[in-house]
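Quick notes on the structure that follows.
The values are calculated or read from the model by the stated rules, or taken from the named source; none is laboratory data. Since the model is a prediction, treat every value here as computed from it, not as a measurement. Note that we place each Cβ from the backbone using ideal geometry, even for glycine, and neighbour counts take in every protein chain shown. We work out accessible area using only protein heavy atoms, side chains counted, and drop any ligands, DNA or RNA first. Shrake-Rupley method; radii C 1.70, N 1.55, O 1.52, S 1.80 Å.
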Amino acid sequence: MKDLTQGSIAGHILTMAPPIVVGMVTIMLCQLVDLYFVADLGEAAVAGVAAAGNAGFLVNALMQVLGVGTVALIAHAVGRKDQHDANRIFNQSIVLAVLFGLLTLVAGSVLSRVYMRAIAADATTIEAGTTYLLWFMPALALQFATQVMSSALRATGIVRPSMLVQALAVIITLRWRRC
């Protein structure tokens, strides 16, 4: 844990910003990688994944809400040197992440086809997007927990491990799909 109450604020920001930006870029890269690999499957597959990706971005926005709240509250507790409160906030955030993850799984299973029917132009695109969403929802559900853990680390000034994990996930996806 870094003591962010000591030293230059600008220095802390400049140290933490690049890994955070890389982590955010990797989230966007995941969608682009998926589009790249379904391009060979035809226009309907690309349209389905692109349309379904909007739902993924909505879930990512909800993750950011949980993550920002976790960062703010844990950072305040760490600044007060109140480890008990920081642990309590972390535990509550993990519980919320599990609940939101389960809600994402259930909503994704129930509403994927309804969502795709509302936004897709034809049956082939609806089918491709629904299939993608049903396979993508478990990953989105798990990301709630990783978001909370990453946010807790970020609140203590540790930003590189979560950025490295996200970048590694994209690299593994690229290598795995090329095989």
message = Can you say whether Ala75 is in contact (Cβ under 8 Å) with a residue 60 or more places away in the chain, buried (at least 19 other Cβ atoms within 10 Å of the Cβ) and under 17 Å from Ile158 (Cα atoms), as far as the supplied structure shows?
response = yes
Whether any residue in the range 145-158 is under 16 Å from Cys30 (Cα atoms) and open to solvent by 40 Å² or more (accessible area, probe 1.4 Å) is what I want to check. yes
Going through the range 121-142 in order, the residues found to be surrounded by fewer than 22 Cβ atoms within 10 Å (Cβ to Cβ), of a type in the set (Gly, Ala, Ser) and over 19 Å from Ala97 (Cα atoms) are Ala121, Ala123
Residues of the range 44-72 being open to solvent by 20 Å² or more (accessible area, probe 1.4 Å) and of a type outside the set (A, V, I, L, M, F, W, C), in sequence order, are Asn54, Asn60, Gln64, Gly69
